[in-house]
Each structure stands twice: as structure tokens, then as C-alpha cells.
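Single-structure report; data block below.
The values are calculated or read from the model by the stated rules, or taken from the named source; none is laboratory data. Small disclaimer: the values here were computed from a predicted structure and weren't measured. Cβ placement follows ideal geometry from the backbone for every residue including glycine, while neighbour counts extend to all protein chains displayed.
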Amino acid sequence: MDKGQKFSVWYFFIAVVLAWLFAEYVYKPYAESKGEVPYSEFLADLENKSIETVDITENRITYTLKESASPDKRPIIGGVIFSSTKKAKNPETIKSVVRVTDPLLIDRLAHTDIKFGGIAQRDTILDLIMGIMLPLLPLLIIWYFLFRNIGGSGAGGGIGGIFSFARSRAKELQGEMTGVHFSDIGGAGEAEVELREIIDFLKEPERFDKFGAKLPRGVLLVGPPGTGKTLLAKATAGEAGVPFFFITGSSFVEMFVGVGAARVRDLFDQAKKKAPCIIFVDEIDAIGQSRMNTFNSNSEQENTLNQLLAEMDGFEDNNGVVIMGATNRPEILDQALMRPGRFDRQIQVVLPTEEGREEILKIHTKKIPLAPEIDLRAIAKVTPGFSGADIANIANEAALLAARRKAEKVSTNDFDLAIERVIAGLQRKTPLTPEVRKKVAYHETGHALVACYLPGSDPVHKVSIIPTTKGALGYTMQMPTEDQYLISESELKNKMAVMLGGRAAELLIFNEASTGASNDLERATETARRMVIEFGMSSALGPVRYAAPAMMYLGGAVQIRDDTGDATAVVIDEEIKKLVTEAQDCALKILKEHEHVLHEVAETLQEKEVINNEEIQAFVDKEEKK
Ligand code: ATP
């Protein structure tokens, strides 16, 4: 039954109920009250012997008058009383009266020749149904509003949503309708090669059946956010020309126990009907988290996971349903999910390389008019560490900027500003007081100069003291020159010194630190902590790992293993403090040595608000020549 039909059935049902309610509670009381007379009149009519029949119900007495006792209301046309062949009962002869407590009523009637009797109150089926339904109606209405958002098959409720909240909310997209092909994805060469096999399976299962080869059941796409995992899954369905079911792991787990498992069942039922097809579960970690993980034990999530495992086991060989999952935290997934026959294939989707970024830029600028001087490779070069989603965002921001300045084409400057926006956020128009500006200028210059003087640091691209919507009062933008896969101990120490360069400048110039360095301290401390407990970079503790398994991390922060002794924990804290203090001392030393440059750059920054790499370098070179 399609949605439209389901709606019309509901509308019909509601119309019947409303009509019945109207008849029962509005029309019937109105009709009954029409010929209503006071009880005294009934008694008077009884006394006058003008009553012919009496019908008694629980609440009401209806009686008819003898014809002679009522005025004749038949129409008179041309002096002749108009009468039909069958004489109609004159409505004026029927009277109704509310039954009052009158113990003598039957006695009074028995002593007359009036025909009287009771009328049994008949309960119709509708009465019975409504007797049950009406008290439930307010509950149903509350239920409907509660579940409207979590119910329904994707469309977010509607009346059909009342009873279908346990249905899977997978949005079914036909392969063609995903409209995505590998040509829409940049820099995903390796992942593409691995997925080709699945596509071939889905396209020509007979070819593989002939050799007794089994269709891979589960493919897990692993990689950082925004690297195009969803896009790859869609392209797999698009290339194979099969239906695509999309759902996020978190939407399986709702407030009510059992709903998640019911949704998994429903999703697989829907998919089996459409096989061959692909089910894609984004953020699979939301349901697939290890059941050993005591921090987040949640029986609803466990039930959902068990149902997912059962469904994957229940597949017959080559039934044509391929389930793809995506996660950026594979280490926290339950081992049972990774067993053969489940997600037995893992495909790493990594951050794009320089070449990949260029390809992604090409894809996302296809419809954007670019100025001829734009060099996409150069943009790719200055954006290492950016994900596909970041690059798509930059292209869009650049187009927005060009549109806003009513230009014909997007310029290199638009791209520069777009990159800045993506990194630092939009500029805020709140002016800073001169004292705050001065502090921010020295703070940012501190970061920039430490980076300039420490070998191996990422070059400074730009320093700004314009507040941003991301909450910063200023920022120093560093641009790595190449994709970094391994970082050495000395590089980590240098990075920490750059992080603390701002605080060091404040201490040097104003003799005290400010709250502005809070985020720098957080990042530096976290780096030191990882160096000590994760990378074995502490001389006092030696090459030992004290970090808990990744699945135990709370909110992504590295945790210390439970079995770490108290004495060791004290040493860990001391070592972290030592590393952070050393980094700050290193920054202070550099700034003291070059205090003159610090003043020059900070003053220029206060005047100009933004200075770039070349300007800073000019100050540094000038000092060296002296
Ligand atoms: P998440 O882990 O946050 O769900 P994801 O890895 O699934 O992210 P997608 O949702 O596929 O990432 O990507 C988001 C958007 O980024 C895409 O719609 C697309 O515009 C862009 N994008 C990401 N990677 C690529 C790529 N390799 N080529 C082209 N566009 C990309």
C-alpha cells in the first residue's frame, strides 16, 4: 500500500468517527430536545387522558397525543385539507420529556388505557467500539505527537507514522537515482579498485555463481569524517545500477527498547525484496560498538547489534544484498561484526593527497566560472590535511564570495579567503578595545615568530587580529607544505612550543598570562599526554605504552590504562608538566632573543589587522641582516 492510499484510509476512518460523534452528541440531543416539554405538562396530558402511547427509556419518556388532542397541521390548499393517501403522523403529536424520579409513574399509567412500555437501549457495534476508542483517543493523540518525529518511513511521520515507528527509516534510492558515479569522486583510486569487485558481483552474479564464488556480504569503509565514504557507497550502487538503502546507525537506536532491533529487521526485509541492492549504514559505530565497552553499555544498542548480526548471518549465499558500513572509529567496533561473513572487507578511505585534492577541486568547480589565472594545483598544495568535504566547502565558499562581490568569475583571492573561512570561520564585526587588540596582537605574533624561528615548523601563511565567528579573537594560520604521515619527537616538541608561543609573548611583554591561551594550553597538554602515554616519548617512563585501548577513550581523549599504578600515574603527570613547561620555556627563549622583531610585528599587526607570510619574513630577514 503506498503512502497516499494509507492516508486516504485514515481520512475515511476519521470522517466516519467524526460523523458518528456529530450524530450521537450533537444531532441526537438536538432532535430529542425539539419536542421537549416539562414533566408537569406530561402529567397534565395524562390527567386529561389525551395521551395515546408512552415509550419509556432510561433517561427519557416519549409520548404521543391522541390525534384529536393536537391541532391539525396538514396543509390547506384552496380550502381543501391536503392529505396524502397514507396519513402521516403529525410531529406535533409526539412529545418528549426528561424522565424524573417518579416512583408512581407506572401506577399512574397502569390506571389508564394508554399503551406503554420500555425501549431497550441498543448498543450498536459502533457504540461498543467507540466506548473503547474514545477514552483511548487522547492517548493516541499524545502518542502520535511523541512519535511523529521518530516514526514513519523516512518522511517523518504523518498519520501513517503512528503505527509505523518501528519501521526502518532507510531512504531507498534507486542506483540511477543516487546519480553518483566514480567520476564524481576525486582521489579515491584505491578504494575504487576494491569496490569494483562488488560492482561486478552485483551486475553479473551468474558469472561468479558459476565458479561457486560467494558475494562479499559486508564492506566496511573506514576513514576520517568527510572523506567521501557515503559518496563511495552511493557510487557503488550507482555504478552497479542497483537500489541503495541509506540509514545512519544512530537512527536505529531510539528511546524505546526493541525499536532499534525492529528497524533492523524491517530494513533487511525491505532490502531482500529489492535484491540485488546495497544497504549503507553510516556511523555504524553507533550500533556496532563493542559490547565489552563497559563505559557505554546500553542494552538497547546491544539488542540492535545482535539483530544486525543475526540478519547478516541469515543471508543465504549470493542473495544479492550487500551491506556497507562507514565509521571513523573502527577500533571501537565489536569484533563479532568483523568476523568472516559479516564485515569481512575493510576499505581504508584516507584523506586525499595533493593530487586527490586537485581532482576533488576540479569536480567541485565544474559548474563554477573560474578566472583564467586560477591554479587548482596550487590550491591543492596549500590545503594538506583537508578532507574532500572541506575542499567542497572551499569551492562553494569561493563561489559565494565571488557572487557577493558581483564578479563575473571566481578569483584566486576568493579561494584564499574561502580557505581562511573554512579554517578560522567568518570575520566578526565586533571591534576590540585598544588594550585587548594589543594583547591579541602580541599573542598572535608570539605564535608566528616561534614558528618562523623553529626549524621544521609549518610556515606561517597569515596572522590576523580580526575576531572570527569560531570564537577566536585572532589567529595565526600555518600551512603545512606537504602531507604529513609521520611526526618525530622533536617535531612534536616544536609544535608544542608554537602552540605556547602566544602565552610566552604575553608573559614576556605583560608579565602575566591571560585566558586567551586556554585552548593553546589544552592542545599542548594533550600533545604532551599522548607523547608520554601513547608514543613512549618520556625518558622517565621509557618505551612503555600506558594508554588504554582506543575503545575506552571518552570523547576521543586518550585515557590512561586502568591498571596503571598510582606511583606511575604521578610520574605521568610530572612528565606531562615537564614537557609543557619545556615547550613554553623554549618559546620564551626564542621571543626574548628576538624581542625587537616581536615589537615590530605586533605593532604592524595592530595597524593593519592582517599581515601575511612575506611581511613577517621581511621583518625576520631585516633583523638577520643587522
Ligand atoms: P562522514 O564520515 O562525516 O559521514 P563521509 O566520509 O561519509 O563523512 P561524505 O558524506 O561522503 O563523507 O562527503 C561529504 C561531501 O564531501 C560529499 O557530499 C562531497 O560533496 C564531498 N566529498 C568528500 N569526499 C569527496 C571526494 N573524494 N570527491 C568529491 N567530493 C567529495
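Assorted remarks:
- Looking across the stretch 349-359, the residues that are surrounded by fewer than 18 Cβ atoms within 10 Å (Cβ to Cβ) and either part of a helix (DSSP H, G or I) or within 9 Å of the ligand (Cβ to nearest atom) (or both) come down to 354, 355.
- All positions within the stretch 455-471 that are within 35 Å of the chain's Cα centre (by Cα) and either assigned to a loop (DSSP other than H, G, I, E, B) or of a type in the set (Gly, Ala, Ser) (or both): 464, 465, 466, 467, 469, 470, 471
- Some residue of the stretch 190-205 being within 16 Å of the ligand (Cβ to nearest atom), surrounded by fewer than 13 Cβ atoms within 10 Å (Cβ to Cβ), within 29 Å of the chain's Cα centre (by Cα) and modelled with pLDDT of 85 or more: no
- For residue 374: the one exception among (1) in a helix (DSSP H, G or I); (2) away from the ligand (no atom under 13 Å from the Cβ): (1)
Residue-by-condition table, conditions (1) in contact (Cβ under 8 Å) with a residue 40 or more places away in the chain; (2) within 11 Å of the ligand (Cβ to nearest atom):
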residue: 211; (1), (2): no, no
residue: 227; (1), (2): yes, yes
residue: 241; (1), (2): yes, no
residue: 244; (1), (2): yes, no
residue: 264; (1), (2): yes, no
residue: 285; (1), (2): yes, yes
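- Screening residue 323 against (1) more than 22 Å from residue 262 (Cβ to Cβ); (2) within 16 Å of the ligand (Cβ to nearest atom) leaves a single unmet condition, (1).
- Hey, residue 458 under 29 Å from residue 356 (Cβ atoms) and crowded, with 18+ Cβ neighbours inside 10 Å or not: yes
- Selection status of residue 334, closer than 24 Å to residue 196 by Cβ and touching a helix residue (DSSP H, G or I) at 6+ places or on another chain (Cβ under 8 Å): no
- The single condition among (1) part of a strand (DSSP E or B); (2) modelled with pLDDT under 90; (3) in contact with a Phe, Trp or Tyr (Cβ under 6 Å, 6 or more places away or on another chain) that residue 322 does not meet is (3).
- Matching residues, the stretch 219-251, being β-branched (Val, Ile, Thr) and under 21 Å from the mean Cα position of the chain (by Cα): 222, 227, 230, 247, 248
Residue-by-condition table, conditions (1) under 30 Å from residue 599 (Cα atoms); (2) assigned to a loop (DSSP other than H, G, I, E, B); (3) touching a residue at least 24 places away in the same chain (Cβ under 8 Å):
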position: 513; (1), (2), (3): yes, yes, no
position: 526; (1), (2), (3): no, no, yes
position: 571; (1), (2), (3): no, no, yes
position: 584; (1), (2), (3): yes, no, yes
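- Of all the listed residues (367, 362, 409), the sole one being surrounded by fewer than 17 Cβ atoms within 10 Å (Cβ to Cβ) and away from the ligand (no atom under 14 Å from the Cβ) is 409.
- 1 or more residues modelled with pLDDT of 85 or more and over 25 Å from residue 131 (Cα atoms): qualifying helices (runs of 4 or more DSSP H) within the stretch 1-67: 39-47
- Residue check, residue 370 out of contact with any Cys (no Cβ under 7 Å at 6 or more places or on another chain), farther than 30 Å from residue 200 by Cα and modelled with pLDDT of 80 or more: yes
- Per the conditions (1) among the charged types (D, E, K, R); (2) in contact (Cβ under 8 Å) with a residue 40 or more places away in the chain; (3) farther than 30 Å from residue 602 by Cβ, the sole criterion not satisfied by residue 503 is (3).
- Residue, farthest from residue 244 (Cα to Cα), within the stretch 213-225, restricted to residues that are touching a strand residue (DSSP E or B) at 6+ places or on another chain (Cβ under 9 Å) and more than 7 Å from the ligand (Cβ to nearest atom): 222
- Per the listing 544, 558, 597, 580, the residue uniquely β-branched (Val, Ile, Thr), within 30 Å of residue 328 (Cβ to Cβ) and crowded, with 18+ Cβ neighbours inside 10 Å is 580.
- Qualifying positions in the stretch 379-403 - closer than 18 Å to residue 367 by Cα and away from the ligand (no atom under 14 Å from the Cβ): 379, 398, 400, 401, 402, 403
- Residue count for the stretch 428-454, restricted to those that are in a helix (DSSP H, G or I) and either within 17 Å of residue 516 (Cβ to Cβ) or at pLDDT 95 or above (or both): 17
- Looking across the stretch 287-307, the residues that are in contact with a strand residue (DSSP E or B) (Cβ under 8 Å, 6 or more places away or on another chain) and modelled with pLDDT of 75 or more come down to 287, 305.
- Filter pass, residue 329 being within 15 Å of the ligand (Cβ to nearest atom) and under 30 Å from residue 481 (Cβ atoms): yes
- Filtering 440, 450, 498, 463 for residues that are over 27 Å from residue 578 (Cβ atoms) and out of contact with any strand residue (DSSP E or B) (no Cβ under 6 Å at 6 or more places or on another chain) leaves a single hit, 440.
- Exclusive hit being under 23 Å from residue 242 (Cα atoms), crowded, with 18+ Cβ neighbours inside 10 Å and at pLDDT below 80, set 343, 315: 315
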